[in-house]
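The values are calculated or read from the model by the stated rules, or taken from the named source; none is laboratory data. All figures in this text were calculated on a predicted structure; none of them were measured in a lab. Cβ atoms come from the backbone with ideal geometry, glycine included; neighbour counts cover every protein chain shown. For the accessible areas, the whole protein counts, side chains as well, though only heavy atoms, and no ligand, DNA or RNA atoms are used. Shrake-Rupley method; radii C 1.70, N 1.55, O 1.52, S 1.80 Å.
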Amino acid sequence: MRRGIDSVSDVGFRLLSGVSGLVVNYKRLLTRTNEPALVAVMPGIGLINVGEHAHFELTLLASRRETRLRNGRTERTHVVPYGGLRVMHVAPLNSDAVHDGPTTGAFVGVRLGSAGLGVSPEVGVFHDRSALGLRQSNVVVVPTIAVHGDELLDGLIRLWRVGTIFRPGR
């Protein structure tokens, strides 16, 4: 979930699978908002692995602007390519927690739809030494499909409310 702070920055919250952690990040636009390509930096911090590790990340993002001038009019595009570089590191918070090295890599994706309702297929390729020795390769490929947007969240909340009102046995 991301929430805007002002016209050039926002804060994001990411709940990890199985409620095993929470990461908070701050994204700040480095370019002017009217540039055709936008570049942002996004540092983050969190607790992961059920509080066993502190998580630190730094991401550099680049994307095409979602609006463009065409025939003197501003129009939204429904295909926004993006990519970035990311460094992540976890630090053990107790003596029994696994020690690990930093993870580095790059990702590319495309947002289809709008910021209010869209889907973003993405693939990342990272160098990550297996701290537990479970993998033979240090290269990890991470495919992702994210469904996002305030319209989606609002719709899910409306469905939940209707479901509780019209649930059988009430």
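Annotations
- Full-stretch length increase - HIS99, ARG2 - with 0.36 nm per residue and alpha-carbon distance subtracted: 31.9 nm
- Global geometry of the range 79-170, whether rounded, prolate or oblate, following the gyration tensor of its Cα atoms and the 1.5 cut on a/c: oblate
- Inter-site label distance for ASN34 and GLU52 at 7 Å from Cα along Cβ, in nm: 5.2 nm
- Lys, Arg +1 and Asp, Glu -1 on Cβ, resulting dipole of the range 1-150 about Cα centre, debye, nearest 20: 700 debye
- Rolling a 1.4 angstrom probe over the protein heavy atoms with all chains in place gives the chain an accessible area of 67 Å² per residue.
- ³J(HN,Hα), Karplus 6.51/-1.76/1.60, whole Hz, each residue of the range 145-161, x for Gly, Pro: 10, 10, 9, 8, x, 5, 5, 5, 4, 4, x, 5, 5, 4, 4, 4, 5
- Anisotropy class of the range 1-101 from Cα gyration tensor, a/c 1.5 cut: prolate
- Relative contact order of the chain, defined on C-alpha pairs under 8 angstrom at six or more residues apart (%): 12 percent
- The calculated 222 nm mean residue ellipticity attributable to helices in the chain amounts to -3000 deg cm²/dmol, summing -39500 (n - 2.57) over DSSP H runs of n ≥ 4 and dividing by all residues.
- Residues with amide H under 5 Å from that of LEU47, placed H, sequence gap 5 or more: LEU22, HIS55
- Selected from LEU60, VAL90, GLY109, residue furthest toward positive end of dipole (the range 56-170; charges at beta carbon): GLY109
- Multiplying the residue separation of GLU75 and HIS89 by 0.36 nm and removing their Cα-Cα distance gives an extension gain of 1.1 nm.
- Three-way shape label, the chain, alpha-carbon gyration tensor, a/c 1.5: oblate
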